[in-house]
Ligand code: ZN
């Protein structure tokens with residue numbers, strides 16, 4: 001009998017689950033709301049209950065599974081199976097995850113950081129084409145990332161490797177939530193794009209719907225900026241070019257250091273699609289040296305929000 005994998009993508013609003021074959025094909029998926037009340041004490045019991053419920057629904061037993069992998073916000077101790085500092089889950093103190101889940105379900109359990117897990121997913125079944133060297137960056141409310149080199153996730157000494165969002169791309173630039181200035185996240189996240197547009201609008205004097213919206217005090221989103229640029233708004237085009245310049249700069253340096261097969265861009269901002277990709281590629285060519293820009297491909301993510309559960313499940317392949 002072919003054994004199955006379980007992948008869990010734990011987030012601040014929902015926990016997504018999937019049962020997959022060992023080839024990474026999703027057979028069942030479901031989600032539950034994340035209950036962060038009471039210091040997030042309900043989260044692990046809710047996960048256990050939900051899996052128990054589904055296994056009985058599908059008439060499956062623990063011994064039919066190779067393992068469970070989970071992606072979580074916060075700083076992960078992979079050996080101990082614990083998480084600390086996941087503030088959107090109200091997990092400020094050390095949380096035991098692996099021990100209670102393995103005890104309750106009798107299935108081997110492994111966890112990693114959510115951005116790393118999404119990187120594994122895109123690498124395995126998405127734009128990464130299962131290559132040995134893949135960098136994933138996700139442009140959402142923040143900018144996250146994961147780096148796979150020689151087929152291994154790079155974790156770093158404190159588990160902080162792959163934090164692409166905190167690459168300095170503008171010394172002395174906007175302040176970042178990390179306490180530093182000029183991080184990629186401050187200009188290429190959904191909020192960063194808007195912040196950049198607001199700053200640039202002060203010096204722009206031509207005709208522009210985007211500038212009018214900003215001057216008028218209207219709510220502007222990063223999607224508005226990209227949509228207006230696609231419609232040839234002259235100022236929106238300048239903003240998008242600047243965002244893509246920063247992304248191309250970051251991709252260039254990542255490429256120069258790691259020369260991956262693919263740099264994969266995902267997250268909400270990447271919904272701008274080929275319009276974004278082509279401009280990032282243009283700037284990437286300015287910042288990557290020839291051997292790198294000829295061999296490293298910049299691509300859009302393909303899995304959307306399934307990357308997390310797929311990548312999480314792939315962690316459990318090591319129990320085979
Ligand atoms: Zn930062």
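The values are calculated or read from the model by the stated rules, or taken from the named source; none is laboratory data. Quantities reported herein were computed from a predicted structural model and do not represent experimental measurements. Cβ sites come from the backbone with ideal geometry, for glycine too, and all protein chains shown count toward neighbours.
Taking residue 168 as the residue in question, decide whether it is within 10 Å of the ligand (Cβ to nearest atom) and closer than 24 Å to residue 12 by Cα.
Working: within 10 Å of the ligand (Cβ to nearest atom): yes; closer than 24 Å to residue 12 by Cα: no.
No; evaluated as a whole, the condition is false for this residue.
Scan segment 138-151 and tell me whether some residue there is more than 15 Å from the chain's Cα centre (by Cα), more than 15 Å from the ligand (Cβ to nearest atom), part of a loop (DSSP other than H, G, I, E, B) and not assigned by TED's automatic domain parsing to the domain that holds residue 112. Explain how you work it out, then say what you get.
Of all residues in segment 138-151, those more than 15 Å from the chain's Cα centre (by Cα) come to 149-151.
Subset that is more than 15 Å from the ligand (Cβ to nearest atom): 149-151.
Subset that is part of a loop (DSSP other than H, G, I, E, B): 150-151.
Applying the additional criterion that residues be not assigned by TED's automatic domain parsing to the domain that holds residue 112 yields 150-151.
Yes; the residues of segment 138-151 include at least one that is more than 15 Å from the chain's Cα centre (by Cα), more than 15 Å from the ligand (Cβ to nearest atom), part of a loop (DSSP other than H, G, I, E, B) and not assigned by TED's automatic domain parsing to the domain that holds residue 112.
Can you tell me which residue among 189, 222 is touching a residue at least 12 places away in the same chain (Cβ under 8 Å), in contact with a strand residue (DSSP E or B) (Cβ under 9 Å, 6 or more places away or on another chain) and more than 19 Å from residue 166 (Cα to Cα)? Walk me through how you get there before you give the answer.
Working: 189 fails: more than 19 Å from residue 166 (Cα to Cα).
Step by step, each of 189, 222 is checked, and only 222 is touching a residue at least 12 places away in the same chain (Cβ under 8 Å), in contact with a strand residue (DSSP E or B) (Cβ under 9 Å, 6 or more places away or on another chain) and more than 19 Å from residue 166 (Cα to Cα).
Condition first: surrounded by fewer than 21 Cβ atoms within 10 Å (Cβ to Cβ) and either closer than 30 Å to residue 77 by Cβ or at pLDDT 95 or above (or both). Can you find one or more residues in segment 135-148 that meet it?
Taking segment 135-148 as the starting set, the residues that turn out to be surrounded by fewer than 21 Cβ atoms within 10 Å (Cβ to Cβ) are 140-141.
Then drop every residue that is not either closer than 30 Å to residue 77 by Cβ or at pLDDT 95 or above (or both), which leaves 140-141.
Yes, that holds for at least one residue.
Can you confirm whether residue 16 is surrounded by fewer than 18 Cβ atoms within 10 Å (Cβ to Cβ), under 24 Å from residue 307 (Cβ atoms) and in contact (Cβ under 8 Å) with a residue 60 or more places away in the chain? If you could, list the steps in order and put the result at the bottom.
Numbers: surrounded by fewer than 18 Cβ atoms within 10 Å (Cβ to Cβ): no; under 24 Å from residue 307 (Cβ atoms): yes; in contact (Cβ under 8 Å) with a residue 60 or more places away in the chain: yes.
Considered against the rule, which asks whether it is surrounded by fewer than 18 Cβ atoms within 10 Å (Cβ to Cβ), under 24 Å from residue 307 (Cβ atoms) and in contact (Cβ under 8 Å) with a residue 60 or more places away in the chain, residue 16 comes out as no.
Would you confirm, using the coordinates I've provided, whether residue 159 is within 24 Å of residue 305 (Cβ to Cβ) and either away from the ligand (no atom under 15 Å from the Cβ) or not assigned by TED's automatic domain parsing to the domain that holds residue 279 (or both)?
On the way: within 24 Å of residue 305 (Cβ to Cβ): yes; either away from the ligand (no atom under 15 Å from the Cβ) or not assigned by TED's automatic domain parsing to the domain that holds residue 279 (or both): yes.
Here the answer is yes, as residue 159 does meet what is asked.
Is it true that some residue in segment 285-297 is under 23 Å from the mean Cα position of the chain (by Cα), crowded, with 21+ Cβ neighbours inside 10 Å, on the phi < 0 side of the Ramachandran plot and part of a helix (DSSP H, G or I)?
Scanning segment 285-297, I find no residue that is under 23 Å from the mean Cα position of the chain (by Cα), crowded, with 21+ Cβ neighbours inside 10 Å, on the phi < 0 side of the Ramachandran plot and part of a helix (DSSP H, G or I), so the answer is no.
Determine which single condition residue 179 fails, assuming it passes every other condition in (1) at negative phi; (2) out of contact with any strand residue (DSSP E or B) (no Cβ under 7 Å at 6 or more places or on another chain); (3) within 16 Å of the ligand (Cβ to nearest atom).
Evaluating residue 179 over (1) at negative phi; (2) out of contact with any strand residue (DSSP E or B) (no Cβ under 7 Å at 6 or more places or on another chain); (3) within 16 Å of the ligand (Cβ to nearest atom) leaves (1) as the failure.
Away from the ligand (no atom under 16 Å from the Cβ) and crowded, with 19+ Cβ neighbours inside 10 Å: does that describe residue 154?
no
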